[in-house]
Amino acid sequence: AQRVTQPEKLLSVFKGAPVELKCNYSYSGSPELFWYVQYSRQRLQLLLRHISRESIKGFTADLNKGETSFHLKKPFAQEEDSAMYYCALSGSIGGTSYGKLTFGQGTILTVHP
Amino acid sequence: KAGVTQTPRYLIKTRGQQVTLSCSPISGHRSVSWYQQTPGQGLQFLFEYFSETQRNKGNFPGRFSGRQFSNSRSEMNVSTLELGDSALYLCASSGWGEQYFGPGTRLTVT
């Protein structure tokens, strides 16, 4: 079974402060991890994918297989980062992700001015 | 490229009725997945279709079904609607292992 846990339902920080959104997963195979973001009144959109190892909008996330974690980090939060963030997992066989994402419950990030 | 589109955007149905939702994927994408989003359960996977075949299925009753056409457009059907089926239904099309979501169909069952 696959499971994704986001322990914080709400997270508040001030502008310019570092932010870390936690994500832990359980999966017996080779996982692919993603972070999705949903801004107010917008559709769910992909923020990061662990295999791309990119930094998007200043956010980074490292897959730690030993701790089964995929925490999302940004050194200096901005007000426009306020949104709902979802961590998601997809099973992967032979390097191909299947179209089944298991989502965490989401973390609402609020960045105060 | 045009994004994923879903129709209708809003729907109100009565308990016991059935409903069909439609999803048009991004051009070239052959995989379409469906999710149910509710405040209590969050985002839950319903099923995935690839090249007109159901490839994955979530833990939903048989009242929830879907299909995919040769042009990759997909429909999802819910029969004998229950009040608990009220939710936002999202579809996503996949390309290169990444899923792109539509705006959703808000279904209200009264």
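The values are calculated or read from the model by the stated rules, or taken from the named source; none is laboratory data. Computed from a predicted model, the values in this text were never measured in an experiment. In this analysis, Cβ positions are derived from the backbone assuming ideal geometry, glycine residues included, and neighbour counts consider all displayed protein chains.
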Next item on the list: For the range A:1-18, enumerate the residues that are over 12 Å from the mean Cα position of the chain (by Cα) and among the hydrophobic types (A, V, I, L, M, F, W, C).
Entry: A:A1, A:L10, A:L11, A:V13, A:F14, A:A17
Next item on the list: Please enumerate the residues belonging to the range A:19-76 that are more than 14 Å from chain B (Cβ to nearest Cβ), more than 26 Å from A:A1 (Cα to Cα) and either hydroxyl-bearing (S, T, Y) or in contact (Cβ under 8 Å) with a residue 60 or more places away in the chain (or both).
Entry: A:V19, A:S55, A:T60, A:F76
Note to self: Show me the strands (runs of 3 or more DSSP E) entirely contained within the range A:18-113 in which 2 or more residues are crowded, with 19+ Cβ neighbours inside 10 Å.
What the structure shows: A:19-21, A:30-38, A:45-49, A:72-74, A:83-93, A:96-103, A:107-112
Next item on the list: State whether the residues of the range A:18-38 include one that is of a type in the set (K, R) and out of contact with any His (no Cβ under 6 Å at 6 or more places or on another chain).
Entry: no
Note to self: For the list (1) closer than 18 Å to A:G104 by Cα; (2) buried (at least 18 other Cβ atoms within 10 Å of the Cβ), I need the number of the one condition that B:G66 fails.
What the structure shows: (1)
Item checked: Which numbered condition B:T7 fails, given (1) closer than 20 Å to A:F103 by Cα; (2) more than 14 Å from chain A (Cβ to nearest Cβ) -> (1)
Notebook entry, point to check: Quick one: B:S31 ticks every box in (1) closer than 21 Å to A:Q105 by Cβ; (2) of a type in the set (S, T, Y); (3) modelled with pLDDT under 95 bar one, so which box is it?
Noted result: (1)
Checklist line | Residue within the range B:77-90 that is facing chain A (nearest Cβ under 9 Å), hydrophobic (A, V, I, L, M, F, W, C) and closer than 20 Å to A:Q38 by Cβ present | finding: yes
Item checked: Verdict on B:G97 being at pLDDT below 95, surrounded by 15 or more Cβ atoms within 10 Å (Cβ to Cβ) and within 13 Å of the chain's Cα centre (by Cα) -> no
Next item on the list: Specify the residue that is farthest from the chain's Cα centre (by Cα); the eligible residues are those in the range B:74-86 that are surrounded by 15 or more Cβ atoms within 10 Å (Cβ to Cβ) and charged (D, E, K, R).
Entry: B:D85
